[in-house]
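Undergrad: First the structure, which I've put down as structure tokens, then a few questions once you've had a look.
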Amino acid sequence: MSLASQLILSRHTEIDGDAYDILTPLADALTATHPLAAVLLWRSMIDFALTKSRSGRYGHAARHLASCATADMAIPDYAGHPTHVEYLDRLKANHARKASFWERVADFG
């Protein structure tokens, strides 16, 4: 396991989802070899955009969610983290009124 992946898995709650300029290429680079680490990075950016109501980032967040769905197929064990379905259900429950985001998600679906 790479050092970056170990760091992400052990300290994912400390990741600042606002740092999309660093996190996006890192998640993309980790996807093939460490999909769970990539998913946790994408989730941090999605959560930041939705929690802070950064509507300008909803398109990116929707793309990140689509990437999470793709990576889900390569993750046999979420190691105590919510599965993709569980995470998606939580997003729907917590951010149901963010129609602009969900419209963008539908564009990827």
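Every number in this text was worked out from the coordinates using simple rules, so none of it is lab data. Just so it is clear, the model here is predicted, and its values are computed rather than measured. Glycine gets a Cβ as well: all are built from the backbone with ideal geometry, and neighbour counts include every protein chain shown.
Undergrad: Treating the beta-carbon of each Lys and Arg as +1 and of each Asp and Glu as -1, no other charges, what is the dipole magnitude of the chain about its Cα centre, to the nearest 20 debye?
TA: About 360 debye.
Undergrad: Another question, then. Quick check: the distance between the Cα centres of the stretch 56-109 and the stretch 8-23, to the nearest angstrom?
TA: 16 Å
Undergrad: Provide Rg and Dmax in Å for the stretch 3-108, with only Cα atoms included in the calculation.
TA: According to the Cα coordinates of the stretch 3-108, Rg and Dmax are 12.8, 38 Å.
Undergrad: Among L50, L65, which comes first, then next, by fewest other beta-carbon atoms within 10 Å?
TA: L50, L65
Undergrad: Tell me which chymotrypsin sites (Phe, Trp or Tyr not before Pro) from the stretch 22-83 have a DSSP coil assignment and no more than 16 other beta carbons within 10 Å of their own.
TA: Within the stretch 22-83, the qualifying chymotrypsin sites (Phe, Trp or Tyr not before Pro) (loop, at most 16 other Cβ atoms within 10 Å) are Y78.
Undergrad: Let's test this: bin the Cα-Cα distances of the stretch 45-103 at 5 Å from zero up to the farthest pair and state each bin's percent.
TA: For the stretch 45-103, the pair-distance distribution reads 4, 18, 29, 26, 14, 8, 2.
Undergrad: Among V85, L30, F48, pick out the residue whose Cα is farthest towards the positive end of the charge dipole of the chain, where Lys and Arg carry +1 and Asp and Glu carry -1 on C-beta, about the Cα centre.
TA: Ranked along the dipole, the leading option is F48.
Undergrad: Let me ask another. Of P76, G59, S5, which is farthest on the positive side of the dipole of the stretch 3-108, counting Cα position, with +1 on Lys and Arg Cβ, -1 on Asp and Glu Cβ, and the Cα centre as origin?
TA: Comparing the listed Cα positions along the dipole, G59 ranks first.
Undergrad: Taking θ as phi - 60°, what are the ³J(HN,Hα) couplings along the stretch 56-65 by the Karplus curve (6.51, -1.76, 1.60), each to the nearest whole Hz, with x for Gly and Pro?
TA: Couplings: x, 9, 4, x, 5, 4, 5, 5, 5, 5 Hz.
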